[in-house]
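Asks: Structure in structure tokens, see below.
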């Protein structure tokens, strides 16, 4: 289990772009984490005024960050950067709104040299909100690591 402070030791992201609040399970093959969606999120000012909906691209980013935790907590990749290189098959099935808790699960599918692929699902109250595959590349060491 990783709390917010421990997540910040693994990922280089910071407010307002750190989109994972806690992790309840993490291994080299799978990670489960959560994003508490509040009405104070800066993106709700413009998406959409009077009808706040979490942008799908930020749901994908939250899943990608969670996948980064899965990868970067491994000793071989600690301190490196993970970059999003592609998306495949993403579908959005449920709107995510203030008050929701986004439960995300990312599973490793493939890792070769500096590139990989993972499968992600995001749920709210057990209902699938979004799913798809994330392609990534492993970059150099993060600044300050």
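The values are calculated or read from the model by the stated rules, or taken from the named source; none is laboratory data. Being a predicted model, the structure only gives us computed values, none of them experimental. With ideal geometry, Cβ positions are generated from the backbone for all residues, glycine too; neighbour counts draw on all protein chains shown.
Asks: Taking the stated definitions as given, is residue 79 surrounded by 13 or more Cβ atoms within 10 Å (Cβ to Cβ) and at pLDDT below 95?
Replies: Against the criterion (surrounded by 13 or more Cβ atoms within 10 Å (Cβ to Cβ) and at pLDDT below 95), residue 79 qualifies.
Asks: Which residue, of 16, 49, is in contact with a helix residue (DSSP H, G or I) (Cβ under 6 Å, 6 or more places away or on another chain) and part of a loop (DSSP other than H, G, I, E, B)? Don't jump to the end; show me each part of the working.
Replies: Values: 49 fails: in contact with a helix residue (DSSP H, G or I) (Cβ under 6 Å, 6 or more places away or on another chain).
Just one listed residue meets the conditions, 16.
Asks: May I pose another question? State whether one or more residues within the range 63-74 are under 17 Å from residue 98 (Cα atoms) and modelled with pLDDT of 95 or more.
Replies: Looking only at the range 63-74, we keep the residues that are under 17 Å from residue 98 (Cα atoms), and these are none.
No, that holds for no residue.
Asks: Is it the case that the range 9-24 has a residue that's exposed (fewer than 11 other Cβ atoms within 10 Å of the Cβ) and over 17 Å from the mean Cα position of the chain (by Cα)? Break it down stepwise before answering.
Replies: As a first pass, look at the range 9-24 and keep what is exposed (fewer than 11 other Cβ atoms within 10 Å of the Cβ): 14-16.
Subset that is over 17 Å from the mean Cα position of the chain (by Cα): none.
Scanning the range 9-24 turns up no residue that is exposed (fewer than 11 other Cβ atoms within 10 Å of the Cβ) and over 17 Å from the mean Cα position of the chain (by Cα).
Asks: Still on this structure: Considering only the range 25-46, state which residues are surrounded by 15 or more Cβ atoms within 10 Å (Cβ to Cβ) and assigned to a loop (DSSP other than H, G, I, E, B).
Replies: Across the range 25-46, the qualifying residues are 37, 41.
Asks: Check off (1) assigned to a strand (DSSP E or B); (2) at pLDDT 95 or above for residue 95 and give me the number that stays unchecked.
Replies: Result: residue 95 passes all but (1).
Asks: Given the criteria closer than 18 Å to residue 74 by Cβ, under 14 Å from the mean Cα position of the chain (by Cα) and touching a residue at least 12 places away in the same chain (Cβ under 8 Å), does residue 31 qualify?
Replies: Working: closer than 18 Å to residue 74 by Cβ: yes; under 14 Å from the mean Cα position of the chain (by Cα): yes; touching a residue at least 12 places away in the same chain (Cβ under 8 Å): yes.
Criteria met by residue 31.
Asks: Right, next: When residues of the range 33-46 are filtered for being in contact with a helix residue (DSSP H, G or I) (Cβ under 8 Å, 6 or more places away or on another chain) and farther than 26 Å from residue 143 by Cα, how many remain?
Replies: Filtering the range 33-46 down to residues in contact with a helix residue (DSSP H, G or I) (Cβ under 8 Å, 6 or more places away or on another chain) leaves 33, 35, 43.
From the residues that got through so far, the ones that are farther than 26 Å from residue 143 by Cα too are 43.
Matching residues across the range 33-46 total 1.
Asks: Looking at the range 52-90, which of the residues that are outside any loop (DSSP other than H, G, I, E, B) and touching a helix residue (DSSP H, G or I) at 6+ places or on another chain (Cβ under 7 Å) is nearest to residue 136 (Cα to Cα)? Reasoning before the result, please.
Replies: In the first step, residues of the range 52-90 are kept if they are outside any loop (DSSP other than H, G, I, E, B); the result is 56-72, 80-90.
After this cut, where a residue has to be touching a helix residue (DSSP H, G or I) at 6+ places or on another chain (Cβ under 7 Å) as well, the list is 58, 69, 72, 80, 82, 84, 87, 90.
Details: 58: 16, 69: 13, 72: 12, 80: 13, 82: 7, 84: 5, 87: 9, 90: 15 Å.
Filtering first and then ranking leaves 84.
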